[in-house]
Amino acid sequence: MAAVDDLQFEEFGDAATSLAANPDATTISIEDPHETPKHQPGPLGGSGREEDDELLGNDDSDKTELLAGQKKSSPFWTFEYYQTFFDVDTYQVFDRIKGSLLPIPGKNFVRLYIRSNPDLYGPFWICATLVFAIAISGNLSNFLIHLGEKTYHYVPEFQKVSIAATIIYAYAWLVPLALWGFLMWRNSKVMNIVSYSFLEIVCVYGYSLFIYIPTAILWIIPQKAVRWILVMIALGISGSVLAMTFWPAVREDNRRIALATIVTIVLLHMLLSVGCLAYFFDAPEMDHLPTTTATPNQTVAAAKSS
């Protein structure tokens, strides 16, 4: 056991001086709590930890990236793959409908409403509602036109639903597909062309058709002048949405090609609206025209005169 004299506290000077005099001595440094501790080198391999965290992100960002990667890697035959296309709330749908009804000059509909979260929920239900609005309004318009005729017997034309569905959904999918392919082809020719995804183009076309839902309902009015005024208003609103959206995508291209593209988009849109009005509302009903039956006396008189 060490002697009592050996267990005495002594006041030493600087720790570095003590270590230089006695290398085997053990020193304990008690720092002032108000003094800011000096930076000490960490363990091997931990010097760039903060820089790595900034580059790689924290745990939350890692989880977010992992979840995003899992969503992107879902096979196309799974429900999760298509669930992302309908991940939109009611506020976003109403905001996009309002944007399609009130286009702002100089504002791009895709960048303003769609690009953050393109969806198929709004376009799908807008097209479905438009199909039934055109079919029902066409039947009701036909009934009101012939109302009061004694020889007219109303027969519901259910085939108008399937015809309207074929026309509307073919337009809402095939035209955007052709336009997307054309823009991809021109993007390979002109590198600074603004590009849109196929989903964004379908979304623009779907929301641009919303104006035709109230228009189709008002087409019940049996006045051709009123119907054509309504179709011109609807065509002007929805056509301006399409023109202002796709003009930035082609304006850097050849001038003639750019103008021809916009004119083709508007003409196809006009063909849809005018075609629906002419077929479902202004088509002549030949099988409902009153037929006159000749009496025997009239037949004999006609034979004698001949």
- Using the Cα gyration tensor of the stretch 129-218, with a ≥ b ≥ c the square roots of its eigenvalues, what is the shape: rounded (a/c below 1.5), prolate (a/b larger than b/c) or oblate (neither)? prolate
- Task: Leaving ligands, DNA and RNA out of it, rank TYR113, TYR196, TYR169 by accessible area with a 1.4 Å probe, largest first.
- Result: TYR169, TYR113, TYR196
- Can you send over the solvent-accessible area of PHE79, 1.4 Å probe, protein chains only, in Å² to the nearest 10? 150
- Share of carbon and sulfur in the accessible heavy-atom surface of the stretch 72-121 [1.4 Å probe, %]: 61
- Note on the structure: Taking 0.36 nm per residue of separation between PHE132 and PHE198 and subtracting their Cα-Cα distance, the length gained on full extension comes to 21.2 nm
- Query: Can you list the HN-Hα couplings for the stretch 80-88, worked out from phi with the Karplus curve (6.51, -1.76, 1.60; θ = phi - 60°), rounded to whole Hz and with x for Gly and Pro?
  - Reply: 5, 5, 8, 5, 5, 6, 10, 7, 8
- Message: Quick check: with the 1.4 Å probe, what order do PHE210, PHE94 take by accessible area, largest first?
- Response: PHE94, PHE210
- Message: Under a crude label model (7 Å from the Cα following the beta-carbon direction), how far is ASP95 from LEU259 in nanometres?
- Response: 3.7
- Message: Given a 1.4 angstrom probe, what's the average accessible area per residue across the stretch 107-214, in square angstrom?
- Response: 49
- In what order, largest first, do LEU120, LEU174 sit by accessible area if the probe radius is 1.4 Å? LEU174, LEU120
- Query: If ligands, DNA and RNA are left out, what is the accessible area of HIS153 with a 1.4 Å probe, given in Å² to the nearest 10?
  - Reply: 130
- Item | Accessible area (Å², 1.4 Å probe, nearest 10) - SER116 | 100
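The values are calculated or read from the model by the stated rules, or taken from the named source; none is laboratory data. The structure displayed is predicted, hence computed values, not measured ones. Methodologically, a virtual Cβ is constructed for each residue, glycine included, from the backbone with ideal geometry; neighbour enumeration extends over all protein chains shown. In case anyone asks, the SASA skips ligands and DNA or RNA and just uses the protein heavy atoms, side chains included. Shrake-Rupley method; radii C 1.70, N 1.55, O 1.52, S 1.80 Å.
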